[in-house]
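Here the structure is laid out as structure tokens; the discussion comes afterwards.
The values are calculated or read from the model by the stated rules, or taken from the named source; none is laboratory data. The structure presented is a predicted model; accordingly, all values stated were derived computationally and were not measured. Cβ sites come from the backbone with ideal geometry, for glycine too, and all protein chains shown count toward neighbours.
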Amino acid sequence: MDHRFVIDVHEVPTHEGSWVFPIPQEWGRGAFEGCEVEALEEPGELEVRVTKTGEGYLVEGRVRLTVAATCVRCLQPVPLEIDAPIAALYVPGPAGEPAGAGDDEAGEDEEPRPDDGPEVEHFQDHRLVLDSYVRDTVLLEVPMNPRCAVECRLPERPRGAS
Ligand SMILES: [Zn+2]
């Protein structure tokens, strides 16, 4: 696994630090393999602040990049500019496990988490690995049925007013 957006918590200053990662096209090719979204059309940027909170680290910022989805009407690639907020709380724990699995707090059913409050992710070995969270954040921003912004060159119905 090739992780590109990794923060060593030892580099987090006592209270707060910030990082800017370029998002190269090849990251998108791997991350979005098998998704409806295609590789990035151009490099993007991930910008985060990290704040230590107790044992965890709060990662906040934005991800900006352009991906290519497919228009549901004309099947042409549609560039989508993604500009999404990042808010995740990284707590120590086994990597790879979905956050909340084995959680003995209340709420055992898999309800969607409330909108307020950051997503909880796990980290190990002093490394905050943001890749999968960034990928999921981007995919959530992609509309279910992407369409060309305004003009869609479908075989059009005649448009005259009659
Ligand atoms: Zn279209």
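Below, the figures for the structure above:
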read-out	value
Boolean, Gly34 is at pLDDT below 90, buried (at least 18 other Cβ atoms within 10 Å of the Cβ) and within 24 Å of Arg147 (Cβ to Cβ)	no
From the options Arg29, Arg73, residue that is of a type in the set (D, E, K, R) and in contact (Cβ under 8 Å) with a residue 40 or more places away in the chain	Arg73
Only one of Gly28, Gly44, Gly56 that is in contact with a strand residue (DSSP E or B) (Cβ under 8 Å, 6 or more places away or on another chain), more than 16 Å from the ligand (Cβ to nearest atom), modelled with pLDDT of 90 or more and within 23 Å of Pro143 (Cβ to Cβ)	Gly44
Subset of segment 34-54 [more than 22 Å from Asp8 (Cβ to Cβ) and part of a strand (DSSP E or B)]	Glu38, Ala39, Leu40, Glu41, Glu42, Pro43, Gly44
